[in-house]
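Data block below; observations after.
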Amino acid sequence: MFGSGTYQGGENFSLRDVLQQGRALNLRERTALFGSVLDSLALGGRNLYRREVQTAADREVLVADPASGQITPLLMFGSNNYLGLANHPYVKTQVRRAVATYGVGVGGPPLLNGYTSLHRKLEERLAVLKHAEDAMLFSTGYGANVGLVTGLAGPKDFVLYDEYSHASFCDGIKMAGARALRFRHNDVARLERMLERFAPSAERDTFVGVEGVYSMDGDAAPLDKIVPVCHRHGALVVLDDAHGTGVMGPTGSGTAEHFGVEGSVDVTMGTFSKAFGVVGGFVCASKPIIDYLRFFARSYMFSASLPPIVVAAVLAGLDVTEQEPGLLRALRSNVAYATRGLRGLGFEVDPAAAIIVLRVPEDMDIRRAAGRFHDAGIFVNSIEYPAVPLHEQRFRISIMATHTTADIDRLLAVVKDIWADRSLRVADENLAA
């Protein structure tokens, strides 16, 4: 069955087969099977993962075509750079100044040599942004979620979490060994029933994990209902506001501000890889919690600190959001424009922030459709199984403040053409293939 690193007949297999059959295979066999799947995708020109972007993150980018290598301009509707800060002139100027003063890195963890005046300043500003007493920085958003959960929860504690919670939060629960209980997405009534049963006591804590804006669906957690329910039962609210920070609320403070509960969330986590356009994460909470996490969040204590140039970029981004409120207005105007256009095409979309989800019909070949977007000059992200169930595959559109109405019109025209193209549909007998 196995030859020189290939799986015979691999062109007939998919990622689903890798997951299902891989359980019975050893590592060499699993990797060979997966390699054959990737090879077949490449031969068919259907592998659009890891497309090489040749220019700065912006509304339009140059991308190397995966099949031909030809450099092609694409309108970028696949980036979380919602406010266009990744290529903002002021941000780039401040980063250059930071390089001149601090260099490009620190070479150590925050508790030792990896803490500069820039790090302290950013923590102070994030605490103000999130209406919290204190804040701490992490090298990644993944590390922030893993660190806060493993640092705060233990085997005796309950963690109730939304079924759509991010993988990093779920991994943190597993590492903490906490007693995990999942509730149906945004089902506040179910959450309250669970809190009645798994309330905190003198011996244990109960944490409730939700996201401000859910990345795969683009909807928001009803914090105006969730926060009061949790506090009524003595539970601590842990909010992942990665996609809400900088985007939600009158000032862009986040989803808590949007729902009028700012200052009432016990622990808020966020990232710099969305609206701020760089990398890293943070946690905001009371000063006692932050002081504790600095020593007990292992992903903080044992990771190198964020480079000063990244910290400078986020500080500059905060300056821009305060000095140029028109960016947030432009983003919301673009989201509203795209939403109206898609509704006019028959899509039921109601984005809470800047993510718009187009669910793919079950009989549509999502990979061929993704190729059509690419060939038409539109960069969107296709979300396939196993990231989502087979019947919930989708395209995820990210809107930016820097998009023009002409950009969005072009997106709408391509969406209309793809959904009308019957050649992208597969026969019923092939739906399970």
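Here, each number is a calculation from the coordinates, and none is a lab measurement. Remember, predicted model here, so these are calculated numbers, not experimental data. When we count neighbours, we look across all protein chains shown, and the Cβ atoms used for this are built from the backbone with ideal geometry, even at glycine.
Taking the 0 to 90 degree range and rounding to the nearest ten, how far is the long axis of helix 117-129 tilted relative to the main principal axis of the chain, both from C-alpha atoms?
90 degrees
Report the longest stretch of the chain that contains none of the GluC sites (Glu not before Pro) sitting in a DSSP loop with at most 15 other Cβ atoms within 10 Å.
That gives 204-347 as the longest site-free run.
Just to confirm the number: angle between the C-alpha axis of helix 141-152 and the first principal axis of the chain, 0 to 90 degrees, nearest 10?
Approximately 40 degrees, to the nearest 10.
Roughly what % of DSSP beta bridges within the chain run antiparallel, to the nearest 5?
Once the DSSP bridges in the chain are tallied, antiparallel ones form about 60 percent.
So what's the angle, to the nearest 10 degrees on a 0 to 90 scale, between helix 89-102 and the longest Cα principal axis of the chain?
60 degrees
State which stretch of the chain is the longest one without any exposed trypsin sites (Lys or Arg not before Pro), exposure meaning a DSSP loop state and at most 14 other Cβ atoms within 10 Å.
185-433
Put +1 on the Cβ of each Lys and Arg and -1 on the Cβ of each Asp and Glu in the chain; which of 94, 161, 414 then has its Cα farthest toward the positive end of the dipole?
In the chain, that residue is 94.
Any chance you could run the full-extension gain for residue 392 through residue 111? It's 0.36 nm times the residue separation minus the Cα-Cα distance, nm to one decimal.
Between residue 392 and residue 111, full extension yields 96.8 nm more.
So which aspartates and glutamates can residue 156 reach, going by Cα to Cα under 12 Å and dropping same-chain residues fewer than 8 places off?
203, 205
Need the C-alpha centroid separation for segment 367-416 versus segment 222-242, integer Å.
Segment 367-416 and segment 222-242 have Cα centres separated by 33 Å.
Compute the relative contact order of the chain as a whole-number percentage, counting only Cα pairs closer than 8 Å that sit 6 or more residues apart in sequence.
Result for the chain is 20 percent.
Would you list which lysines come within 27 Å of residue 130, measuring only between C-alpha atoms, while excluding same-chain residues fewer than 8 positions from it?
Cα-Cα hits under 27 Å: 92, 121, 225, 274, 287.
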